[in-house]
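Just so you know, all these numbers are worked out from the coordinates, no wet-lab data involved. Quick caveat: nothing in here was measured; it's all calculated off a predicted structure. All Cβ positions, even for glycine, are placed from backbone atoms using ideal geometry, and neighbour counts span all protein chains on display.
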Amino acid sequence: MRWYAVAAAQGFAPAQYNLGMRYLKGEGVRQDLPKGIGLLRQAAGQGLADAQYNLGYLYDEDLGVEQDKAEAIKWYKKAAAQGDKEAQEKLKELGG
């Protein structure tokens, strides 16, 4: 966890994503949804497809953020454009 935190603080998107997911799930750290979502946003903003998909999923399913289908579609589209199959399927379901 320490090394994820160091790498995340240095702007390394995969570390931000991995650390963010751990905070969301409470794996190895005390669960902290705002912190996890913030880290996912950082990674998604850098173009990491996994982070974009998961951020879309949070908005789609009302998990830790207020449900917002338009915001979910926005993030799913970004992930789908990079070939993320799950995001492509979610877009089909949502009609995006």
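Its alpha carbons give the stretch 2-94 an Rg and a Dmax of 12.7, 39 Å.
Label sites at A70 and A5, each approximated as a point 7 angstrom past Cα along Cα to Cβ, lie 3.8 nm apart. Taking the Cα atoms of the stretch 24-76, the ratio Rg/Rh between the radius of gyration and the Kirkwood radius comes to 0.97. The angle separating the long axis of helix 33-45 from the principal Cα axis of greatest extent in the chain is about 70 degrees. Around L24, with a cut-off of 13 angstrom between Cβ atoms, what is the net charge of the other residues, counting Lys and Arg +1 and Asp and Glu -1? Around L24, the charge tally is +1.
Only lysine pairs 8 or more places apart, or on different chains, with alpha-carbon atoms under 23 angstrom apart are counted in the chain, and they number 20. Between K25 and K85, the simple label model (points 7 Å from Cα in the Cβ direction) yields a spacing of 2.0 nm.
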